Amino acid sequence: MKQILPRIWQWSWFSEDKHMDFNGYLLATGEHRILVDPPPLTPIEMTQVRQGESIDYIVVTNRDHEREAQMLQATLQCRLLIPEGDAGDMSVQADKTFKDGELLPGGIWVIHLADQKSPGESALFLEYGKGVLIVGDALIGNPAGALSMLPAEKYADAAKAREGLRRLLKYSFDSLLVGDGVPILTNAKAAVEHVLHPS
């Protein structure tokens with residue numbers, strides 16, 4: 001587990017199937033410690049998670065990012081928050097669902113993204129620093145330093161999916177943390193503009 005931004009740590013699990021890292025994030029925001037989209041942890045990473053204050057919440061961005069959420073919810077005795085639009089398709093027992101425009105603990109704003117792979121796909125926006133955006137499957141950090149959308153066959157309508165992502169550009173952010181691939185820690189908004197408005 002490594003610190004990538006002030007108050008944000010990342011750990012990764014390499015997917016042999018997808019040939020890329022699946023990432024989880026530990027946020028120390030406000031008075032809360034929050035995990036986002038947690039993939040498997042090594043014993044050392046679990047020790048790091050347990051150090052200091054307890055984990056208060058786990059936030060999952062979409063139905064396909066349940067990952068280790070249920071296990072960690074039980075192990076760490078914390079609350080699990082999931083997207084309302086995906087709740088019916090998930091096997092986890094959530095403490096609460098969230099929807100577009102909601103302010104979650106720790107000052108995390110929910111941005112629902114329409115017409116994505118799953119109906120509940122949500123980005124998370126933190127206003128501290130120069131702005132941090134966290135996405136699940138909405139954008140992939142591949143290749144490193146750039147972003148891509150999922151393959152067209154993952155969407156009912158890839159053009160509508162691209163249109164649904166444009167609302168991300170209304171937000172002011174410098175860092176984009178991705179669930180899959182390599183995050184972009186500076187000048188990320190330009191990378192999002194590039195993938196959504198290819199020249």
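Test TYR128 against the criterion of being modelled with pLDDT under 95, among the aromatic types (Phe, Trp, Tyr) and under 24 Å from LYS99 (Cα atoms), and give yes or no. Considered against the rule, which asks whether it is modelled with pLDDT under 95, among the aromatic types (Phe, Trp, Tyr) and under 24 Å from LYS99 (Cα atoms), TYR128 comes out as yes. Residues in the range 113-158 that are assigned to a strand (DSSP E or B), of a type outside the set (Val, Ile, Thr) and out of contact with any Phe, Trp or Tyr (no Cβ under 8 Å at 6 or more places or on another chain): ALA123, GLY141, SER148. Figure legend. Inter-residue proximity from the range 72-83: first residues in contact (Cβ under 8 Å) with a residue 24 or more places away in the chain, second residues among the small types (Gly, Ala, Ser) and outside any strand (DSSP E or B), beta-carbon distance below 6 Å, spacing 6+ or different chains. Indicated pairs: ILE82/ALA94; PRO83/GLY120. Flag: ASN142 matches the condition of being within 28 Å of ARG166 (Cβ to Cβ), of a type in the set (S, T, N, Q) and either touching a His at 6+ places or on another chain (Cβ under 7 Å) or surrounded by fewer than 21 Cβ atoms within 10 Å (Cβ to Cβ) (or both). Scanning the range 1-51 for residues that are basic (Lys, Arg) and not in a loop (DSSP other than H, G, I, E, B) turns up LYS2, ARG33, ARG50. Looking at the range 48-57, can you tell me whether even one residue there is under 16 Å from the mean Cα position of the chain (by Cα) and farther than 22 Å from ILE184 by Cα? Checked the range 48-57: at least one residue is under 16 Å from the mean Cα position of the chain (by Cα) and farther than 22 Å from ILE184 by Cα.
Taken together, the residues in the range 164-188 that are charged (D, E, K, R) and touching a residue at least 40 places away in the same chain (Cβ under 8 Å) amount to 3. Only one entry of ALA161, ALA191 meets the criterion of being assigned to a helix (DSSP H, G or I), touching a residue at least 12 places away in the same chain (Cβ under 8 Å) and touching a strand residue (DSSP E or B) at 6+ places or on another chain (Cβ under 6 Å), and that entry is ALA191.
The values are calculated or read from the model by the stated rules, or taken from the named source; none is laboratory data. The shown structure was predicted, so the numbers you read here are calculated from the model rather than taken from an experiment. Ideal geometry is used to build each Cβ from the backbone, glycine not excepted, and the neighbour counts take in all protein chains shown.
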